[in-house]
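Undergrad: Have a look at this one.
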Amino acid sequence: MDTQAIVLKLHVLAGTVALGAAPLALAVAKGGRWHRRWGIGFFVAMLLTCVTAMLAGLWRPDPLMALVALFSMHLAATGYRGLYLKGLHKGQRPGRWDLLMHGAAGVVNVALLLWGVVHLLHGEGGPAALIFTTFGCLGCLLVLVQLRRFFRNRHDKQEWLYAHMGGFLGSYIATVSAFSGVNLDMIKPLWLQWLWPTLVGVPLMLAWFRHCRKRFDKGERPRFLGRLRIR
């Protein structure tokens with residue numbers, strides 16, 4: 001078996017683990033042992049998925065595969081780092097890793113957005129141009145939101161929680177998008193095959209955030225979500 005075949009098999013295996021681990025992390029008690037275990041499993045699987053997708057995308061070549069993998073990994077890393085930035089409202093500063101991560105993601109997402117917009121304006125690129133534009137726009141928005149969160153003067157005490165949930169849920173949406181784009185050929189047209197998870201998942205995620213904010217505004221503590229802490 002050659003190297004490319006091994007990488008593709010690892011990519012499929014890691015993607016399968018990620019698709020299964022995220023729902024399990026959501027199903028169990030938040031903050032509990034199994035929530036953390038399944039969450040770590042999802043994060044590690046996403047890291048392996050990203051590395052193998054980039055390698056496979058360079059070999060084929062398939063830039064969409066590589067760039068969507070980076071987009072997904074940035075979201076997962078944002079969700080993971082959210083757990084370690086709970087003190088921003090108390091004066092905690094982001095680490096160099098956080099700034100480097102979002103800076104690099106900004107470069108990738110701007111490249112995605114520019115490629116998509118330029119090809120759309122010239123009537124080229126087909127469905128891929130719309131897909132690139134959508135992911136690039138969402139990715140740039142996420143980077144701007146995170147950088148603004150780091151440096152603004154006033155903070156929401158629970159914003160780390162939104163970063164954690166939004167990062168991991170967004171990464172899972174992107175993972176489902178990649179799975180659909182590669183496997184669900186019965187969905188037409190091609191842009192819908194890639195973007196239906198975003199069209200369904202993002203409104204549901206935003207609705208969940210609004211629900212949480214309403215409960216927080218009423219004075220509830222985040223314990224209604226589970227035992228939210230790090231061990």
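Taken together, the values in this text are just the output of simple stated rules run on the coordinates, not laboratory data. Just so it is clear, the structure is predicted and the values come from calculations on it, not from any experiment. Here the Cβ positions follow ideal geometry from the backbone for every residue, glycine too, while neighbour counts run over all protein chains shown.
Undergrad: Taking only Cα atoms and a 10 Å spring cutoff, compute GNM fluctuations for the chain and point out the largest among 189, 94, 127.
TA: 189
Undergrad: With springs connecting C-alpha atoms under 10 Å apart, model the chain as a Gaussian network and identify which of 49, 16, 78 has the largest mean-square fluctuation.
TA: 16
Undergrad: When only Cα pairs under 8 Å and 6 or more residues apart are kept, what is the percent relative contact order across the chain?
TA: Dividing the mean separation by the residue count of the chain yields 22 percent.
Undergrad: Amide H of residue 30: which non-local residues (sequence gap of 5 or more, or other chain) have their own amide H closer than 5 Å, using H built in the peptide plane?
TA: Those qualifying (amide H under 5 Å, at least 5 residues apart or on another chain) are 227.
Undergrad: Taking Cα centroids, how far is region 24-47 from region 126-152 in Å?
TA: Rounded to whole Å, the Cα centres lie 25 Å apart.
Undergrad: Oh, and also: State whether region 1-98 is rounded, prolate or oblate according to the following rule on the C-alpha gyration tensor (a ≥ b ≥ c being the square roots of its eigenvalues): a/c under 1.5 gives rounded; otherwise a/b larger than b/c gives prolate, and the remaining case gives oblate.
TA: Verdict is oblate for region 1-98.
Undergrad: Among 150, 42, 132, which one moves the most in a GNM of the chain with springs linking Cα atoms closer than 10 Å?
TA: Maximum among the listed residues: 150.
Undergrad: Per residue and in cubic angstrom, what volume does the convex hull of the Cα atoms of region 131-226 have? If you can, show how the numbers build up before the last one.
TA: Numbers: hull volume 9.7 nm³, N = 96.
Measuring per residue, one finds 101 Å³ for the Cα hull of region 131-226.
Undergrad: Once label points are set 7 Å from the Cα along Cα→Cβ at both residue 150 and residue 199, what is their separation, rounded to one decimal in nm?
TA: 3.5 nm
Undergrad: Follow-up question, since we're still on this one. Among 139, 190, 92, whose Cα projects farthest towards the positive end of the dipole of the chain, with charges put on the beta-carbon of Lys, Arg (+1) and Asp, Glu (-1)?
TA: 92
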